[in-house]
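Just below is one structure, and these are the notes that go with it.
The values are calculated or read from the model by the stated rules, or taken from the named source; none is laboratory data. The structure presented is a predicted model; accordingly, all values stated were derived computationally and were not measured. Here the Cβ positions follow ideal geometry from the backbone for every residue, glycine too, while neighbour counts run over all protein chains shown. In case anyone asks, the SASA skips ligands and DNA or RNA and just uses the protein heavy atoms, side chains included. Shrake-Rupley method; radii C 1.70, N 1.55, O 1.52, S 1.80 Å.
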Amino acid sequence: MITDWPLPILAICLLLMLVCTLAGLLVGQMPDFSDPLMGFEPRDTEIGRKLMTWKNMQSSTGYRRALPIYPHNEKNSFVDLDFSKRKEKLLQMPKKETRYRRMVEQKDGVDGFFCGPPAKSYSQLVFMSKTAGSLWNLQAIQSMCRIEKEKIRSHPTFSEICERNNNKECCPSWSLGNYISVLYNRSSCMEITQSDIFHTLVLLRSCAPDYHRGALTPLCIGPSSERGKHSQCAKVPEKCTRSSAVYQLLHFLVDRDFLSPQTTDYQVPSLKYSLLFLPAKKGPEMMNIYVDNLESWELFDNYTAITGMDLGLKQNLFHHYLVLDTVYPVLGILAIFISMSFYLRSFFITFMVMISVIGSLMISFFLYKLVFRITFFPFVNLIAVIILSSICANHTFVFFDLWNLSKIQHSAAGMLQWVKQTMHHFCYLMLVSCLTTGAAFYGSYLSSITSLRCFSIYMGTSVLVNMAFMLTWLPATMVLYERYIKVNCTYKPEDYWNSNGHKKFFLSLHQKLGSLQSTLSETSKLLFEKLLPCGVIKFRYIWICWFAALAAGGAYIACINPKLRLPSSDLSSVQMFRLSHPFERYDAEYCHQFMFEHQEYGEGQHMPIRLIWGIKPVDNGDHLNPRVNGTLVTDSTFTIHNADDQRWLLELCNKVRNQSFYYFDQNKPSICFMEDFHRWMESRQCSQSDQNHNLCCNQFSFPYASDLFLHCIKMMVREQGGEGHESYDFGTRFNSDGNLTALVLEFQTMYYYSFNYSKTKTFYNTLNQWLTNEIKNAPPGLQNGWFTSKLSLFNLQHTLSTEIMMTTGFSIAISFVVLLLTTWNVLLSLFSVASIGGSVLVTVGLLVLLEWQSNVVESLFVSAAVGLSVDFTVNYCISYHLCPHSDRLSRVAFSLKQISCATAMGASTMFSAGVIMLPATVLAYRKLGIFIMMIKCISCGFASFFFQSICCFFGPQKNCGQILWPCANILKEYPDNPKPNGTFTCSGNEKQNRLRKVPETNTENEQYELQPLARNLSDSFDNSTTTSRLSKRPSILSEDMQLSDNKCARTGAHHIQGEAQEIHDTTTGHKVFSHCPALQTSSPYRQSNYSTEEEKPEESCRQCICQRMNSKTWNGSVVDHVHVHNMQTQSNSLQSPKDDSPVKYSPERSIRMYEYSRCLCSIGSSFDALDSNETCLSDIDQSTKLESARCSPDFLEVPDSPYHNERGNLNGKRETLRLALRETVFDPPSSSKQTNMLWKIQSNQDDDHPVVLPNSKPEMPDIWIRRSSDNSSGYIN
């Protein structure tokens, strides 16, 4: 069908692409990449469900929401009044603070000079000494002021975005120089002196101990009347609280190690880093300043340098670079297809392959969006473009090699046979490779991270869709190219190119490129068909040990020590650029070097615990869409109004206080909710006038009745209202009907927040175990309680640490299952999986050595490593499985020669694409390039050396390891001889003895047998190497005959016809039979005669003629063109069968003609046959089969050769011819027995009159057809 209808197939595929593309793009919303980090959170894990539920509770808590903190539906006017008062109170808080600052401004020169204190919302620059010394010196401080003026304030847009004071001027920056100048009344930071710096250091040294022990706080700054209200400020010296400069310098501008308790006693403390706050808010407004003045690397002078910054531009800059750096992946993809065009030697085929890749991606997007109904398309899915291009390129290289092989083996068979022969191997390979690769990608769906799940679905679907295109689109493209494009290529005559200089230049360039291409072709042929097979087989012991050691080392590094480093920051500060980028250095290094950042986000804060009842920790949202977080699920069994519930909650308070992990903080909420309620009830005196006081007062004893408890709880909540936003984090929750729905209790622990996974894991396991034990003894209404804390980073770390290897192992396991189901060979499946696993382990081990963090992008690469390692190994596996030989070494050589060139080309193209992506600024692109280079090269090495070396030792022979089914009779049958057609070897120590089986006489039926005329070697061995001694007798077809056009380059058909004419005309002169070196044989039917004489020029030229014919397999049509005169003579003799006068030939010329014919017959033997059950005659019509038999030695009638026989008579005596084909027996008999057999053969030649049908395939013997003498009067027609 593909051969007959290539254009309709291409049209249908193209129409399918267009329809799916339009449907995918026009239906529904387009992908949104505004937040590339969306979907990196783990979903549906134990911790993830709790965090998601708590996130939904926070968003649902509040006035007129699903979970109000007090029952607002009850008809009580004071509820709304209370809320309005509380709202007014919250709104008035900033105003009070502002008025307080104005009061301070009148007394504090620092606050009068600056526009308030520095804040995290302002842009920040980090300075470091250029000389690796301390920044606390005059030159460094003035250098910071100078750089700020040159890089920031000189920019035209700074005056538009800066904060302004009452004089409408830009506020000064919060820097060391400005603070010192204010303290000592200098006009600017450039006017300060060394004395000012010294006195400031003395002041900071005396106040630093109070600051580090927590006594010096903003509450202590100001008039003494204000300080007296806070007990911790009493012991702070007045000079430290007189001005806010001391606190702000220690808290914001100097690193936390400067004047720390460990360095306070140093005579000259070292200031490593200093922070400068710009009077401009963080955000997109700073983009122009950054791009123009801060993006360059010249951010230094002789004293200081800007090494980090936080301008609030990380997300915006990421989008900016994301667009600019897209050129690198595009160039990488172009490199893949340009390499493909050089390999295929056709831009048309390359273009069509590119269309198939784009079409596969768009159809996969259509299925992903409209069939699978997945609305979230993460940014990481775009990586599929590069991965699918590499997979498609590898398959295209294999198809191209198989297509050329089919054309060479069956040059006269026609397009239909080429397609059949190619697709016989390629279909099987594509099914196994793509199904295994797709299954490996689908295996990553087990991950809990949304982006990885979406990527696994999209990538796996793309591979399967591309498989369909490779099985239809690619062969149809090749048929179209061969039929309509390649045959229409016109070549201008030589005079046309010599007409002017430009044409001569292009002609010279074309010739040089052709020479280079020929050189590369010969080099690759030598490397991949000679050196590589012999090198793999000879050194198989070394390869197995070496790659096994690499795999073991990679496993140790990746799984035991040091392993992949877990992320040390939340997703909000995830690494987007290379570590040397100032934004990344601020987040990774400097963020926690300053106290204001360290106290809020860094390590050292006590971990809170939130106990929650009434809401189930369920994540019922869409796990493939991070925008859909689900809804809250209430616990219908929750209740706290029973007496047992009240007692248990009160006991829980006392138990928590007695735990070693409990930390009491008077400024933080307490877990003792029931104790607070009981204290509130006891504090209320009963009143006869107020019914509420009569119900909720101290006349009732604990525990309280259910109705009374619920009524008084609501009353207490209304009275207390809520102070600030913290009231949203703990306490009771009501539903829209005013019923108590949930209870949230919170307390502090002795554990500190840490980026270390082990410390946080200890904290989580300890608290989880404690709560589990307590919940067991809880009343039924409180047994569904759970807890959460600041665990978002720990959730990501835990997910990555446990799921990366799990998903990788599952992908490898599912690859083994698919391989087993497609090959039905256990051994090959195990060896393939071992090679794939080794590739992944070594790759991950190298990533560890490169100090990669195991973040979401890195985990995506690791999960994709299995899918990218499959194709090379599977290609070798299928080639080995389909090899027509039964012995291991021949199969290994066969698969290496057939697949290694395409494999190496696929790896090299991906390596070049990875190199192109290295200069990218966006870290994801850069890491993708590194990963692609590593995984492709490593998987190529494991597939070519490790897998093949294992097969050399333990590879299945014949049908070994094959799963047998009831239909086992359809399995491939191999000869019983353990070395059919010879065994691959790179040494000459093995002697191969051949004896034919003597036929049994049968008077009733004519008996015919196949007798080997050629060597006892497989085609894999024939081309294995010419650089080593294969055996003591050379092969029948030397590799030097193939694809060589060095000698007699312009020898044409006229020269061949001339040789044929000379052979016909010459009738005298007898010569001893001298073998052509390319045609020497160890056949038992003639004695081997190895001549050491030098070849004559005419013999070399004659050999080149054979070489020039290497593009066509021997067939009758070729013989027609070469032996024109001889065929005419034969035709005349056939027309006169009664004329018995033989045609006389010169022995020398006859030998030449034999060499020509034998060359044409055997020229295809250097290529790997896909089906050993066919001969060179099987693909030619019947009219040419008999005519082609003239290529046999007896047609040449060499009198003195052992092949001299009379022509056989096949037609005219009977309508049908029955052949009894017998296998050749390869046993090592004694030399005397062989001699007797040879004598027997030669003695019967004159009577049997054999007709030799030469076989072009090296693994098949030539056919000798023998008849009795009474049936030899006719001729072949």
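For Y663, the residues whose modelled amide H falls within less than 5 Å of its own, excluding neighbours fewer than 5 places apart on the same chain, are Q748, T749, M750. Using bins of 5 Å that start at zero, the share of Cα-Cα pairs per bin across segment 431-560 amounts to 2, 8, 7, 7, 9, 13, 13, 12, 10, 8, 6, 4, 2, 1, 0, in whole %. If R0 is taken as 30 Å, the Cβ-Cβ distance between N185 and K235 corresponds to a FRET efficiency of 0.55. Label separation (N498 vs D301): 7.3 nm, computed from points 7 Å beyond Cα along the C-beta direction.
Here segment 400-477 and segment 135-211 have alpha carbon centers that stand 66 Å from each other.
Estimate the FRET efficiency between E589 and H199 by the formula 1/(1 + (r/R0)^6), using the beta-carbon distance for r and 25 Å for R0, to the nearest 0.05.
Working: r = 31 Å, r/R0 = 1.24.
Here the calculated transfer efficiency is 0.20.
Normalised by residue count, segment 381-483 yields a Cα convex hull volume of 76 Å³ per residue. Put K130, K927 in order of accessible area, highest first, and with a 1.4 Å probe you get K130, K927. Label positions at L695 and N739, each projected 7 Å from the Cα along the C-beta direction, are separated by 1.8 nm.
For segment 245-290, the convex hull drawn through the C-alpha positions has a volume of 100 cubic angstrom per residue. Spin-label model, C960 to T766: label points 7 Å out along the Cα-to-beta-carbon direction sit 5.9 nm apart.
Is the shape of segment 508-611 rounded, prolate or oblate, going by the alpha carbon gyration tensor and its root eigenvalues a ≥ b ≥ c, with a/c under 1.5 for rounded and a/b larger than b/c for prolate?
Cα axes put segment 508-611 in the oblate bin.
Within a Cβ distance under 14 Å of L474, other residues only, what is the Lys/Arg minus Asp/Glu net charge? With Lys, Arg at +1 and Asp, Glu at -1, the neighbours total -2.
Gain on full extension, evaluated as 0.36 nm per residue between L15 and D676 minus their Cα-Cα distance, stands at 230.7 nm.
Between A548 and L219, what FRET efficiency comes out of the Förster formula 1/(1 + (r/R0)^6) with R0 = 56 Å and r the beta carbon distance, rounded to 0.05?
Numbers: r = 67 Å, r/R0 = 1.19.
Once the sixth-power term is evaluated, E becomes 0.25.
If you take the square roots of the eigenvalues of the alpha-carbon gyration tensor of segment 160-239 and sort them as a ≥ b ≥ c, do you get rounded (a/c under 1.5), prolate (a/b over b/c) or oblate?
Numbers: a/c = 2.62, a/b = 1.45, b/c = 1.80.
Oblate, since a/c reaches 1.5 and b/c is not below a/b.
How many Å² of accessible area per residue for segment 332-460, probe 1.4 Å?
On the way: 3630 Å² over 129 residues.
Normalised by residue count, the accessible surface of segment 332-460 is 28 Å².
Gyration tensor over the Cα atoms of segment 824-917: the corresponding equivalent ellipsoid has semi-axes (square roots of 5 times the eigenvalues, largest first) of 30, 16, 10 Å. For the residue pairs K120/K714; K50/K369; K486/K538; K655/K714; K235/K314, the alpha carbons lie more than 32 Å apart in K120/K714; K486/K538; K235/K314. For the pair S508 and R647, the difference between a 0.36 nm per residue extended length and the Cα-Cα distance amounts to 40.1 nm. Three principal axis extents of segment 625-672 based on alpha-carbon atoms, in descending order, are 43, 29, 19 Å.
Would you mind classifying segment 247-395 by shape? Square roots of the alpha carbon gyration tensor eigenvalues, ordered a ≥ b ≥ c; an a/c under 1.5 is rounded, otherwise it is prolate if a/b is larger than b/c and oblate if not. List each step's numbers first, then the result.
Numbers: a/c = 3.24, a/b = 2.54, b/c = 1.27.
Because a/c hits 1.5 or more and a/b exceeds b/c, segment 247-395 counts as prolate.
Can you check what the net charge comes to around P36, using other residues whose Cβ is under 13 Å from the Cβ of P36 (Lys, Arg +1; Asp, Glu -1)?
Values: positive: K314; negative: D32, D35, D325.
Cβ neighbours under 13 Å give a net charge of -2.
Give, as a single signed number, the net charge of other residues whose beta carbon lies under 14 Å from the beta carbon of G630, with Lys and Arg counted +1 and Asp and Glu -1. In short, +2.
Quantify how much of the Cα-Cα distance distribution of segment 759-834 extends past 20 Å, in percent.
On the way: 1690 of 2850 pairs.
When every Cα pair of segment 759-834 is considered, 59 percent fall beyond 20 Å.
Computed extension length for V371-Y63: 106.8 nm, one decimal, from 0.36 nm per residue of separation with the Cα-Cα distance subtracted.
The portion of the accessible surface of segment 134-229 made up by carbon and sulfur, rounded to a whole percent, is 50 (1.4 Å probe; DNA, RNA and ligands excluded).
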